[in-house]
Amino acid sequence: PGGVVPTPISQVLGDEKDVVIWTPPADWFEEEENTSSSLDSDDLNVRVSDGIALSLGVGLAIADALTQHQVPALSNFSAICVAAELLAGVSLGSVQTASALLLGLLAYDVFWVFGSAKAVGENVM
């Protein structure tokens, strides 16, 4: 299992309960002549922990939609989960790369807070 949510769920369940519930067909992985794919059928196994994580995510999204996005804690938690999952899947490589990305996000935020009125006619905040 992989990911930010399924991995801890898998650890709680233990190996004997976190079984594979679906494996993709073998014909999905027939090698073509000019491809260098390292994808294996084991990479796409669906486990019980993946199903639990999916259920939690869908439940959180439905709860956020039903409250019409008026509960900041739900929206913030959703954003944190998405950010954590994206960061888990991306290797930044160095502190300089991370710093450059953070500076870019700061500039983006400053623009939307202070410059949006000039850009789109009204302040988005």
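Open to solvent by less than 70 Å² (accessible area, probe 1.4 Å), modelled with pLDDT of 85 or more, on the phi < 0 side of the Ramachandran plot and not small (Gly, Ala, Ser), is that true of Val71?
yes
Quick one: is Ala117 at pLDDT below 80 and either in a helix (DSSP H, G or I) or open to solvent by less than 80 Å² (accessible area, probe 1.4 Å) (or both)? Outline the logic, then answer.
Details: at pLDDT below 80: yes; either in a helix (DSSP H, G or I) or open to solvent by less than 80 Å² (accessible area, probe 1.4 Å) (or both): yes.
The answer is yes for Ala117.
Take region 74-108 and flag every residue that is open to solvent by 100 Å² or more (accessible area, probe 1.4 Å), assigned to a helix (DSSP H, G or I) and under 19 Å from Thr7 (Cα atoms).
Result: Phe77, Ile80, Leu86, Leu87.
The values are calculated or read from the model by the stated rules, or taken from the named source; none is laboratory data. Quick caveat: nothing in here was measured; it's all calculated off a predicted structure. Just so you know, the surface numbers come from the protein's heavy atoms only, side chains and all, with ligands and any DNA or RNA stripped out. Shrake-Rupley method; radii C 1.70, N 1.55, O 1.52, S 1.80 Å.
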